Amino acid sequence: MSKKDLIPFVATHPGEMIKDELRARGMSQRQLSVITGIKPSVISETINGKRNVSLAMAQSLERAFEIPADVWMNLQVQYNLDSANIDSRERIDKHASVTAKGSKSETVSVTIPVRDRTLFRELVRKFGWVCMF
């Protein structure tokens with residue numbers, strides 16, 4: 001399995017890490033605003049995932065939290081990539097669903113020789129197969 005195949009269910013915005021750092025340090029958003037010089041509304045929007053972490057913000061966060069700016073930028077890039085991959089996966093899934101519904105036959109008939117009826121019944125129960133004996 002390649003890294004490309006690993007798509008998270010949800011993307012984690014870097015604002016989550018800012019929120020975690022504030023909580024761990026017992027700081028308020030207002031205190032962070034005073035330390036960094038970033039407007040409180042910008043910090044709030046970032047924490048709530050409505051605004052991206054810019055280079056200038058990453059550098060300010062580095063001074064405030066002593067976490068390198070490249071970490072903040074990498075979190076933002078990873079969030080952007082994950083969001084794009086999730087959107088792409090959802091478009092593909094939606095297209096596949098529409099294509100499957102538009103096809104003439106939605107059922108597939110397969111004959112599988114099974115000698116062990118107990119095993120066959122277990123497969124039917126587990127996977128929801130419909131079968132005729």
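Some observations on this one:
- Considering only residues in region 78-102 that are within 19 Å of Ala11 (Cβ to Cβ) and exposed (fewer than 12 other Cβ atoms within 10 Å of the Cβ), the one that is modelled with the highest pLDDT turns out to be Asp87.
- Screening Ala11 with (1) closer than 24 Å to Asp87 by Cβ; (2) surrounded by 15 or more Cβ atoms within 10 Å (Cβ to Cβ); (3) modelled with pLDDT of 95 or more gives one miss only, at (3).
- Residues within region 13-57 that are part of a loop (DSSP other than H, G, I, E, B) and either more than 13 Å from Ile67 (Cβ to Cβ) or hydroxyl-bearing (Ser, Thr, Tyr) (or both), tallied: 13
- Some residue of region 46-68 being small (Gly, Ala, Ser), closer than 9 Å to Gly15 by Cα and in contact with a helix residue (DSSP H, G or I) (Cβ under 8 Å, 6 or more places away or on another chain): yes
- Filter pass, Ala64 being exposed (fewer than 11 other Cβ atoms within 10 Å of the Cβ), at pLDDT 95 or above and in a helix (DSSP H, G or I): no
The values are calculated or read from the model by the stated rules, or taken from the named source; none is laboratory data. Note that the structure is predicted; figures quoted are calculated from it, not measured. We place every Cβ from the backbone using ideal geometry, glycine too, and count neighbours over all the protein chains shown.
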